[in-house]
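To start, the structure under review is shown below, and the notes come after it.
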Amino acid sequence: MDATLDHVEGRTFTTRDFNLDLGGTLPDCRVAYETYGTLNAAADNAILVTHGYTSSAHVAGRYAPGKAAKGVPEDQPGWWDALIGPGKAIDTTRYFVVGANALGSAHGSSGPNTIDPATGKPYGPTFPDVTLRDSVRAQKLLLDSLGVRRLHAVVGPSMGGFQAFQWAVTFPDFMRGIVPTVTAPRMRSGLEAIEALTKRLATDPNWNGGWYYENGGIRTVLEAIRYDTLVQYGQRELLAAVIPDPAAREAAIRATARAWAANYDGHSLVALRKAISRFDITDEYAKIKAKVLYVIAPNDKLFPGTIGPGYAADLRKAGVDITYVELVTDKGHLASHADAEQWAPMLRAFLERLAG
């Protein structure tokens, strides 16, 4: 059987007085999530799917009418729908799949565009700094609330891969395996990019010192940022096969950027970039007990193939059971999405091996 999930529902888990790694507390800590499939009697067949930088918890299927997550178009299929569903590599007739949204995001979890209980207005630029470890700890509380006793695996691309690695060192006994893709066990650049990003956001005429929520928003600059990001990620190469005309291809990318800018939040870009920039578990390899399937795209500009073998070798030296894969692709950072069919058999086999 190979079918598409439908009647998906965006949901929110809330925990109170959540203490953050870098200080401060979220009085109402919200985690947006979705579930697919059924938790088994042993409560150990769950797979957590974590998302990339600006994505959401909508990882598979299509929404039921009126049930879309915040900022996610209702008619949009899940971003890893090619891999998740009945009969697919992450088989929802076998696994209980949970898609979870990171803290700081703009898609329903606690972030700059959610309400600060102290003011009754969006946090905006006052949202406290969060780490990826904060997101993982909040996801653990979510899984506890769903009755999950052990994860089969944590799977995610890019920043989602960071979270998979973070899960492996923060809760090493809680999962059998992790599948980080187009990613690395540390971020390759630091906080210096944050200032440049903030300055660029402030060029929007509606910036208003960062308080733009009642001022028309900052769609103009967000659209420009998203366009640049899509090009960097390899969107031109991805569309080349279906849109051969270069002008039409550029128009399609700009339309995608425009739609995204209508739903995302500039301060979330900053909050998540800060979390990403602090990520580094390379001194914690010895904590990892999970088996690892590490998937890289050699022409990825963010995490190129030149860095993968070194990380894989270091993980092996630390005693980690790791399978390292380089995709044959021209899709760059989008490869684990765009070339899902290429590595889906490897993912399926890895997940089956974890059950052995």
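The values are calculated or read from the model by the stated rules, or taken from the named source; none is laboratory data. Just so it is clear, the model here is predicted, and its values are computed rather than measured. When we count neighbours, we look across all protein chains shown, and the Cβ atoms used for this are built from the backbone with ideal geometry, even at glycine. Only protein heavy atoms, including side chains, enter the accessible area calculation; ligands, DNA and RNA are left aside. Shrake-Rupley method; radii C 1.70, N 1.55, O 1.52, S 1.80 Å.
Here are the numbers for this structure:
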quantity: For W79, residues with placed amide H under 5 Å, excluding near neighbours; calculated: V59, A60
quantity: Charge sum, other residues only, whose C-beta stays under 15 Å from V231's C-beta, Lys/Arg counted +1 and Asp/Glu -1; calculated: +1
quantity: Overall Cα dimensions of the range 220-356 - principal axes, largest extent first, Å; calculated: 49, 34, 28
quantity: Cα Rg, Dmax (largest Cα-Cα span) when computed across the chain, Å; calculated: 19.3, 58
quantity: Summed side-chain charge close to T256 - residues other than T256 whose Cβ falls under 15 Å, Lys, Arg +1, Asp, Glu -1; calculated: +1
quantity: Solvent-accessible area per residue for the chain (1.4 angstrom probe, square angstrom); calculated: 41
quantity: Lysines whose Cα lies under 29 Å from that of K88, excluding same-chain neighbours fewer than 8 positions away; calculated: K67, K70, K140, K289, K291, K301, K331
quantity: Positive-end residue of T183, P65, G78, charge dipole of the chain with Cβ unit charges; calculated: T183
quantity: Cut-off 10 Å between beta-carbons: net charge of the residues surrounding D44, Lys and Arg +1, Asp and Glu -1; calculated: +3
quantity: Cα-centred dipole magnitude for the range 169-223, charges only on beta-carbon of K, R (+1) and D, E (-1), debye, nearest 20; calculated: 240
